[in-house]
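Peer 1: Can you read through this structure? Questions will come right after.
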Amino acid sequence: MEYISTRGDNKKFSFSEVFLKGLADDGGLFIPLNIKKFDESKMNSLKKLSYVDLATEIIYLYTGDFLSKKELNEIVKKSYSNFREKDVVKIVKLNHLKILELFHGPTLAFKDIAMQLIGNMYEHLLKSNNKNINIVVATSGDTGAAAIDAIKGKSNLNIFVLHPNNRISSVQRKIMTTVEEKNVFNIAIDGNFDDCQNIVKQMFSDLQFSRSINMSGVNSINWARIIAQSVYYFYAHFKLGKENVSFSVPTGNFGDVFAGYLAKKMGLPIDKLIVATNENDILHRAITKGDYISKEVRETLSPSMDIQLASNFERLIYYVNNSNSEKTAEIMKKVKQNSYQIEKRDLDIIQKDFLSESCNEKETLEIIKKNYEENDMVLDPHTAIGVGSAQKLSLNDCIVLSTAHPCKFPDATNNAINKHEKLPKELQHVLNKNENFQVLKNSTDEVKKFIKSKIL
């Protein structure tokens, strides 16, 4: 499998290059040169597989000669061996909806499903390579914890995680900042998630710096994340056993919902992908009205969605514009200038696959309260927004992606139902452990200096 950048198709890349680089040198995102589409016979054979074997079949299509199918299968098995659910994910009924629980990994968030796999892929790669790799990642709460758990203690790897200071839940922060392994570094940035993400992108774009530290990234822009997350769309669809199911996806950086779009392009008969947003509703405005103008980020009870610039939206722009990298590069200049309005032609194409809704803070709390009272089920605020968006659109046969365990967001559940879920026993120790993180200004130069000081 060969890859190109969304902003330039003159150079081809292998999966291992794409995996390590994360972001293309021209600032674009990597996409496969071709997407494999399953025929009916292949789809029928996939239905019978366990989650591990299904993941192996789908991911192997995109890894090329990076590793053999047997090696990949062993890595997948290892990656999911510490999940609390035997089948990795779990489907539960909520009135006329289905809830796909993706939070049964070690850090209680859907990010674990891809991140555990990525951590073991790094380990496999470095067995035959004496390089030291420095992973730099921005997080709105859950990505950082999942990445740290996947990377901690691994040889020849350091991980630097940037989170917005005082803008994630205390539980989210403590799962990251109480880790004691020496290859883990937490950085709190005086700003929001978009600021953190911008710093990481600027460091990647500074080729002299990024190459000097062998910089790699595991944000949702990393293609390995996308293909790993596409698997549970197939799995859920097969388990439900109905054609043309829709998925409601709590959305911040557009990575998880783009994984669903990839699954659809591979032949999965998905009806609609619902982009569910909180009050930071740029994606909702974009998909309903073509308005992709960012506004000031609002701090909410669903912090993983407190984002205005969704990086993975660039991949959708690329495909909507007939895989035209030149046109995509032009549009991304407009995005950077905060002047991008989606053309009607492009919006019509987007709306064939996507719907969108948003829920404000009051609505989110009401959804949590109502579902607890009626169904004795506690939803985290992100999942609540997914449920609320599906209900607003009145879609039948809809699966809501439940992206995090409610215990990670006690402020939301306390406000809604005057209670919060306890952390699982294996994580309760983080509540009383000392934290270790560095607060830095919203400055790329400051972060560069800090990283250099830790690795030299």
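Peer 1: Would you mind telling me which numbered condition in (1) more than 30 Å from SER323 (Cα to Cα); (2) buried (at least 16 other Cβ atoms within 10 Å of the Cβ) LEU72 fails?
Peer 2: Unmet condition: (1).
Peer 1: Could you tell me which residue of segment 304-334 is surrounded by the fewest Cβ atoms within 10 Å (Cβ to Cβ), considering only residues that are part of a helix (DSSP H, G or I) and modelled with pLDDT under 95? Even if it seems obvious, please write down each step before you answer.
Peer 2: Here is the first cut: in segment 304-334, the residues part of a helix (DSSP H, G or I) are 304-305, 313-320, 325-334.
Those still in the list that are modelled with pLDDT under 95 too: 304-305.
Values: SER304: 30, MET305: 27.
Of everything passing the filter in segment 304-334, MET305 is surrounded by the fewest Cβ atoms within 10 Å (Cβ to Cβ).
Peer 1: Next up: Determine which member of the set SER394, SER356 is surrounded by fewer than 17 Cβ atoms within 10 Å (Cβ to Cβ) and of a type outside the set (Asp, Glu).
Peer 2: Working: SER356 fails: surrounded by fewer than 17 Cβ atoms within 10 Å (Cβ to Cβ).
That would be SER394, the only listed residue that is surrounded by fewer than 17 Cβ atoms within 10 Å (Cβ to Cβ) and of a type outside the set (Asp, Glu).
Peer 1: In this structure, does GLY260 turn out to be in a helix (DSSP H, G or I), within 19 Å of ILE399 (Cα to Cα) and under 20 Å from the mean Cα position of the chain (by Cα)? Give the derivation first.
Peer 2: Values: in a helix (DSSP H, G or I): yes; within 19 Å of ILE399 (Cα to Cα): yes; under 20 Å from the mean Cα position of the chain (by Cα): yes.
Yes.
Peer 1: Pick out, from segment 24-136, the helices (runs of 4 or more DSSP H) lying fully within it that include 2 or more residues that are among the hydroxyl-bearing types (Ser, Thr, Tyr), in contact (Cβ under 8 Å) with a residue 24 or more places away in the chain and within 24 Å of ARG315 (Cα to Cα). Walk me through how you get there before you give the answer.
Peer 2: Numbers: elements: 40-46, 51-63, 69-79, 111-127.
Helices (runs of 4 or more DSSP H) meeting the threshold: 51-63.
Peer 1: Going by what's in this entry, would SER339 be described as of a type in the set (Ser, Thr, Tyr), closer than 30 Å to LEU33 by Cα and surrounded by fewer than 17 Cβ atoms within 10 Å (Cβ to Cβ)?
Peer 2: Working: of a type in the set (Ser, Thr, Tyr): yes; closer than 30 Å to LEU33 by Cα: yes; surrounded by fewer than 17 Cβ atoms within 10 Å (Cβ to Cβ): yes.
It is true that SER339 is of a type in the set (Ser, Thr, Tyr), closer than 30 Å to LEU33 by Cα and surrounded by fewer than 17 Cβ atoms within 10 Å (Cβ to Cβ).
Peer 1: Then there's this: For ASN360, state whether it is out of contact with any Gly (no Cβ under 9 Å at 6 or more places or on another chain) and in contact (Cβ under 8 Å) with a residue 60 or more places away in the chain.
Peer 2: Yes: the conditions hold for ASN360.
Peer 1: Evaluate segment 288-300: report whether one residue or more is modelled with pLDDT of 95 or more, over 23 Å from PHE193 (Cα atoms) and out of contact with any Leu (no Cβ under 9 Å at 6 or more places or on another chain).
Peer 2: Scanning segment 288-300 turns up no residue that is modelled with pLDDT of 95 or more, over 23 Å from PHE193 (Cα atoms) and out of contact with any Leu (no Cβ under 9 Å at 6 or more places or on another chain).
Peer 1: Note down all Cβ pairs under 9 Å where the first residue falls in segment 179-199 and is without any contact (Cβ under 8 Å) to a residue 40 or more places away in the chain and among the acidic types (Asp, Glu), the second is crowded, with 22+ Cβ neighbours inside 10 Å and assigned to a helix (DSSP H, G or I), and they're at least six residues apart or on different chains.
Peer 2: Every condition considered, the pairs that remain are GLU181/ILE148; GLU181/ILE151.
Peer 1: Right, something else. With respect to ASN222, is the statement that it is on the phi < 0 side of the Ramachandran plot, surrounded by 23 or more Cβ atoms within 10 Å (Cβ to Cβ) and not charged (D, E, K, R) true?
Peer 2: Yes: the conditions hold for ASN222.
Peer 1: While we're looking at this one, here's another question. Which count do you get for residues in segment 214-231 that are of a type in the set (Ser, Thr, Tyr), under 13 Å from the mean Cα position of the chain (by Cα) and closer than 19 Å to ALA145 by Cβ?
Peer 2: 1
Peer 1: Right, next: Select from segment 178-231 the residues that are hydroxyl-bearing (Ser, Thr, Tyr) and outside any helix (DSSP H, G or I) and write down the one among them that is modelled with the lowest pLDDT. I'd like the intermediate steps shown before the answer.
Peer 2: Keep residues of segment 178-231 that are hydroxyl-bearing (Ser, Thr, Tyr), which gives 178, 205, 210, 212, 216, 220, 230.
Then keep just the ones that are outside any helix (DSSP H, G or I); that gives 178, 216, 220.
Working: THR178: 96, SER216: 92, SER220: 85.
The selected residue is SER220.
Peer 1: Of (1) in contact (Cβ under 8 Å) with a residue 40 or more places away in the chain; (2) crowded, with 17+ Cβ neighbours inside 10 Å; (3) not hydrophobic (A, V, I, L, M, F, W, C), PRO406 satisfies all except one. Which?
Peer 2: Checking PRO406 against (1) in contact (Cβ under 8 Å) with a residue 40 or more places away in the chain; (2) crowded, with 17+ Cβ neighbours inside 10 Å; (3) not hydrophobic (A, V, I, L, M, F, W, C), the one that fails is (1).
Peer 1: Under the condition of being part of a strand (DSSP E or B) and polar (S, T, N, Q), which residue from segment 1-23 is nearest to the chain's Cα centre (by Cα)?
Peer 2: Applying the filter and picking the extreme gives SER5.
Peer 1: Further question: State which residue is surrounded by the fewest Cβ atoms within 10 Å (Cβ to Cβ) when the search covers only segment 231-261 and only residues that are more than 26 Å from ASN198 (Cα to Cα) and small (Gly, Ala, Ser). Spell out the reasoning first.
Peer 2: Pass one, segment 231-261, residues more than 26 Å from ASN198 (Cα to Cα): 231-248.
From what's left, small (Gly, Ala, Ser): 236, 241, 246, 248.
On the way: ALA236: 21, GLY241: 8, SER246: 20, SER248: 32.
The qualifying residue surrounded by the fewest Cβ atoms within 10 Å (Cβ to Cβ) is GLY241.
Peer 1: I've got another one for you. Can you list the helices (runs of 4 or more DSSP H) found entirely within segment 340-456 that contain at least 3 residues being more than 30 Å from GLU330 (Cβ to Cβ)?
Peer 2: 361-375, 381-393, 410-417, 444-455
Peer 1: Within segment 306-324, does at least one residue satisfy the condition of being without any contact (Cβ under 8 Å) to a residue 60 or more places away in the chain and among the charged types (D, E, K, R)?
Peer 2: No, the conditions are met nowhere in segment 306-324.
Conditions tested, residue by residue: (1) modelled with pLDDT under 95; (2) within 27 Å of ASN278 (Cα to Cα); (3) in contact with a Ser or Thr (Cβ under 9 Å, 6 or more places away or on another chain).
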site: ASP348; (1), (2), (3): no, yes, no
site: ASP397; (1), (2), (3): yes, yes, yes
site: LEU401; (1), (2), (3): no, yes, yes
site: CYS407; (1), (2), (3): yes, yes, yes
site: LYS419; (1), (2), (3): yes, yes, yes
site: LYS425; (1), (2), (3): yes, no, no
site: ASN436; (1), (2), (3): no, no, yes
site: SER443; (1), (2), (3): no, no, no
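The values are calculated or read from the model by the stated rules, or taken from the named source; none is laboratory data. It should be emphasised that the depicted structure is a prediction, and the values quoted were computed from it without experimental measurement. FYI the Cβ positions are ideal-geometry reconstructions off the backbone, even for glycines, and counts take in every protein chain you see.
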